Amino acid sequence: MSEIKKVFVGAIISSSSPKVLSYAGYLCTEFGKITKIGSKEEYNTLSKSGAFKDHQVIILKSEQLLVPGFVDCHTHAPQFPNIGVGLDLPLLEWLDKYTFPLESQYKDTEFAAKVYDKVVQRLLKNGTTTACYFGSLHVDSTLALAKSAIKHGQRALVGKVSMNIKNDTGYYNETATELAQVESFVQKVLGFKNDLVQPIVTPRFALSCDKDLMTGLASISKKYGCGVQSHISENLKEIEYVLQINPSCTSYGDVYDKSEILSNKCIMAHAIHLSTEEIALLAAKGVSIAHCPASNTRLRSGLCPVRKYLDHNLCVGLGTDVSGGDSASILDAMRRSMDVSTHLDLQSGGDGAISWLEAFYLATMGGAKALNLEQKIGNFKVGKELDALLIDVYAAGGQIDQYHYSVEKNDEDYINSLLQRFIYLGDDRNIVQVFVKGVVVKDVS
Ligand code: GUN
Ligand code: FE
């Protein structure tokens, strides 16, 4: 019984909007769903009346927090063996020299299964309870990625990458083969009947996929009700070539629009160099953006204007974009999103950099919305599922020392200071337990 019904008592904190946190003193779950949430006083009253006698009661220490699990809106599982190497070239050369040759190795399903098992565990260790993955071109290997997520209890969207434009590595398929394989992949993932793992249609980008392939993929996504993920407007050379091979289109966004892949189920990575018209197009279609600051810096792609996108009501989440990005941590992505935003703000002399509060929102609720999962996860509300991290801010061996000096005046100030310290200088050592749908998937407490 105690496995199934839990009550957490202590500092429970999530975003209700980009700049507003909500605080609770207890949170109760049954079968992984949040059934009650309220103040410490409410907990005491309910507890006295025996409301929690069947529950496992988890009392947080004064330096602990319960926060929503992190959402990684964009990462490439097959690129993890290249993490932290080969970052000396810009996007298109990087793809040809390092990335396509590595991804083509995933024709070996055994190799894939071994890599993916590590990838999923690494992300869970870092507090990523939901990941939106690019796999490789290969059906069986990408199914192995979905199976790893299921095995380790991670919530995931998993995409078999689609490509039909030739490259030097020979890493692409003919259009008809590709469409048949994607449909079969989608059916197989749906056939797992696992409520945490869904397929997502994944045209790599407009230099790997022509219009025939993309319109075919758009109809598969509609037929099965799945999302679509791709890359847009990451690198200036990329944009130039996209327009060269699509002379009837007015912009990169227009190429995707004419291929019918833009909708409110679509998430686009990067979106660094969008024109005003493209911002309006993506906003009108309800397209979300996966902001990947580490990758944008490492591949020298540019500085993504997240403040502007939020002001235009675009839905934004964070992505690690390994291995263009050199870190598999959404905590790192939060910090780098603040850095990029500050650098842009310094150039414009304004007062518009995103704050730690907004970075926390992007990593949790923003990501959930970007992946159309906001009814289930992203923050703590009755009826949602419990994807959460138990944070110990002063965990032994971590980066954060306790000085027994503070300027906080009240409980909220104190909790905010703990959360800020975790965001600015925490790491996986501070994430002592991870829950996905109420189930413990990491425990070092
Ligand atoms: N554009 C097309 N493919 C990729 C990729 O694998 N990584 C990044 N960062 N951009 C891409
Ligand atoms: Fe990417």
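Candidates Ile400, Ile423: the one that is of a type in the set (Val, Ile, Thr), more than 22 Å from the chain's Cα centre (by Cα), over 17 Å from Lys6 (Cβ atoms) and at pLDDT 95 or above is Ile400. For the stretch 118-144, name all the residues that are of a type outside the set (Ser, Thr, Tyr), in a helix (DSSP H, G or I) and within 15 Å of ligand 1 (Cβ to nearest atom). Residue satisfying the conditions is Val119 alone.
If we keep just the residues of the stretch 9-37 that are over 21 Å from Trp356 (Cβ atoms) and under 25 Å from the mean Cα position of the chain (by Cα), which is most open to solvent (accessible area, probe 1.4 Å)? Among those residues, the one meeting the criterion is Phe31.
When Val242 is tested against (1) among the β-branched types (Val, Ile, Thr); (2) within 16 Å of ligand 2 (Cβ to nearest atom); (3) open to solvent by less than 20 Å² (accessible area, probe 1.4 Å); (4) within 25 Å of the chain's Cα centre (by Cα), only condition (4) is not met. Determine whether the stretch 171-186 contains at least one residue that is in a loop (DSSP other than H, G, I, E, B) and within 24 Å of the chain's Cα centre (by Cα). No. Of everything listed in (1) part of a loop (DSSP other than H, G, I, E, B); (2) within 23 Å of the chain's Cα centre (by Cα), the single unmet condition for Ala368 is (1).
Would you check which residues across the stretch 313-354 are away from ligand 1 (no atom under 14 Å from the Cβ), at pLDDT 95 or above and among the acidic types (Asp, Glu) and list them? Asp332, Asp339, Asp345, listed by residue number. Filtering the stretch 284-319 down to residues that are assigned to a loop (DSSP other than H, G, I, E, B) and under 14 Å from the mean Cα position of the chain (by Cα), which residue is farthest from Phe360 (Cα to Cα)? Out of the qualifying residues, it is Cys292.
Every residue in the stretch 90-105 that is away from ligand 2 (no atom under 14 Å from the Cβ) and either without any contact (Cβ under 8 Å) to a residue 60 or more places away in the chain or surrounded by 19 or more Cβ atoms within 10 Å (Cβ to Cβ) (or both), please. Within the stretch 90-105, Glu93, Lys97, Gln105 meet the criteria. Of all residues in the stretch 207-225, those satisfying the criterion of being crowded, with 17+ Cβ neighbours inside 10 Å and either under 21 Å from His291 (Cα atoms) or polar (S, T, N, Q) (or both) are Leu207, Ser208, Ser221. On the stretch given as the stretch 192-219, residues that are of a type in the set (Gly, Ala, Ser) and within 16 Å of ligand 2 (Cβ to nearest atom) total 2.
For the stretch 245-271, a residue qualifies if it is farther than 19 Å from Cys132 by Cα and either touching a Phe, Trp or Tyr at 6+ places or on another chain (Cβ under 6 Å) or open to solvent by 10 Å² or more (accessible area, probe 1.4 Å) (or both), and the qualifying residues are Ile245, Asn246, Pro247, Ser248, Cys249, Thr250, Ser251, Asp254, Asp257, Lys258, Glu260. Taking residues in the stretch 319-342 that are in contact (Cβ under 8 Å) with a residue 12 or more places away in the chain, and partners anywhere that are of a type in the set (Phe, Trp, Tyr) and within 16 Å of ligand 1 (Cβ to nearest atom), the pairs with Cβ atoms closer than 6 Å and at least 6 places apart or on different chains are Val322/Phe80.
Residues that are crowded, with 19+ Cβ neighbours inside 10 Å and part of a loop (DSSP other than H, G, I, E, B) within the stretch 187-206 comprise Leu196, Arg204, Phe205, Ala206, listed in sequence order. The number of residues in the stretch 332-376 that are closer than 27 Å to Ser136 by Cβ and open to solvent by less than 20 Å² (accessible area, probe 1.4 Å) comes to 7.
Pairing residues of the stretch 47-76 that are within 30 Å of Val201 (Cα to Cα) and among the hydrophobic types (A, V, I, L, M, F, W, C) with residues that are in a strand (DSSP E or B) and within 16 Å of ligand 2 (Cβ to nearest atom), at Cβ distances under 7 Å and at least 6 apart in sequence or on separate chains, gives Phe70/Thr128; Val71/Gly317; Cys73/Cys132; Cys73/Ile267; Cys73/Ala290; Cys73/Gly317; Cys73/Leu318.
The values are calculated or read from the model by the stated rules, or taken from the named source; none is laboratory data. Remember, predicted model here, so these are calculated numbers, not experimental data. So basically every Cβ, Gly included, is an ideal-geometry build from the backbone, and we count neighbours across all protein chains shown. The area values use the complete protein model at the heavy-atom level, side chains included, leaving out ligands, DNA and RNA. Shrake-Rupley method; radii C 1.70, N 1.55, O 1.52, S 1.80 Å.
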